[in-house]
């Protein structure tokens, strides 16, 4: 059953599509309706974060519940004796998960996707070898941006590495600031091949098992693992069993092999995810081939997975998992522009609270605004300029808003802008322009690796 806010937005879109051609009245009607839907969406996001905060509060033991075991026994890591699903249940059994993405999983973006349906988020992948040394404090502060805020939980920190002791030493720096630590066995990039980590450890299952076993034995938080399919199905299934036996409490499976990832040929193999789910008892997260919310539901149904993870899909549409909004693929023209611009303004407001590197800011804006930037080459050039900073990026977002919502009272996150009215443009003209820049997303042809 759809929520009231979904029905409200559906009525808003239907009203806007059949509005008259007069300049001001239709703009004001749809403009204020758009503001209301934005307010509702943010209210829903706030409620989700409050709910998440309450769930985390419930997980904190009361003084009466605290263990009185001897220190050496307590250091024996009670989580290793827990039931396989206890960790997943403790964090609320999240159905939708934001993937770890290099330079793209910073705090501001994690907050954004949490507001729009994600129940669990990962940090970006961290290099254990660089993160572990005691004298690497500066590197750790720059790369790890956990904000110690209940609203940014549950949070899993991901590491890559090929030495059990190094990965453990790296993880100890953050184990008290997250809900679990993840080992990356899925990165297919050339830099991972050069550094001998990620998916290039898969041919060495014994090493993979040793790293997970050391993490599970030595760390105070649960250990999770992210893998991808191997060329031989039996190798994938065998590794999944071994990782579970080594102590992994959650397994994410990407349905593409290293070779298929490189060529970008063919759809993700959801069948191998289903088979992994059948041979292990720990929760399995399905990853790969997600472009829409409907894809996510179909993936869950076909694989029987406990949750679904997205990367590229969320970068382009942070509300991919938000059931309280009309799916992006059902919007047209100005409606797509409104949705895109609401995300970018909301993200830039979050950046003001949780500063992010410019490489992350630019990456997110290029992903979210690409439909608009395909028409506005001047804004694209300014955003891509090496001197563009966060302030200039914010100005670009506002200019894009004025261009595509000239006659709307555009609601910015944190406040309302002035009413911009361009008398020479009619609703019909704006719709034509936006249909050129913002075709229906499902037909835009950007079907890369998700």
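I need the full set of residues from region 128-145 which are within 24 Å of the chain's Cα centre (by Cα) and free of Cβ contacts under 8 Å to residues at least 12 places away in the same chain, in order please.
Result: 139, 141, 142.
Name the residues in region 368-379 that are in contact with a helix residue (DSSP H, G or I) (Cβ under 6 Å, 6 or more places away or on another chain) and surrounded by fewer than 18 Cβ atoms within 10 Å (Cβ to Cβ), would you?
Listed by number, the list holds a single entry, 375.
Just the residues that are touching a strand residue (DSSP E or B) at 6+ places or on another chain (Cβ under 8 Å) and surrounded by fewer than 21 Cβ atoms within 10 Å (Cβ to Cβ), please, taken from region 329-362.
349
Can you tell me which residue among 199, 240 is in contact (Cβ under 8 Å) with a residue 40 or more places away in the chain, crowded, with 20+ Cβ neighbours inside 10 Å and more than 30 Å from residue 141 (Cα to Cα)?
240
Would you point out which residue out of 213, 229, 246 is surrounded by 23 or more Cβ atoms within 10 Å (Cβ to Cβ) and assigned by TED's automatic domain parsing to the domain that holds residue 157?
Answer to the selection: 229.
A quick yes/no check of all residues on (1) assigned to a strand (DSSP E or B); (2) at pLDDT 95 or above; (3) farther than 19 Å from residue 296 by Cβ:
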{"position": "112", "(1), (2), (3)": "no, yes, no"}
{"position": "121", "(1), (2), (3)": "yes, yes, no"}
{"position": "124", "(1), (2), (3)": "yes, yes, yes"}
{"position": "129", "(1), (2), (3)": "no, yes, yes"}
{"position": "148", "(1), (2), (3)": "no, no, yes"}
{"position": "158", "(1), (2), (3)": "yes, yes, yes"}
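The values are calculated or read from the model by the stated rules, or taken from the named source; none is laboratory data. Keep in mind that what you see is a predicted model, and the values were worked out from it rather than measured. So basically every Cβ, Gly included, is an ideal-geometry build from the backbone, and we count neighbours across all protein chains shown.
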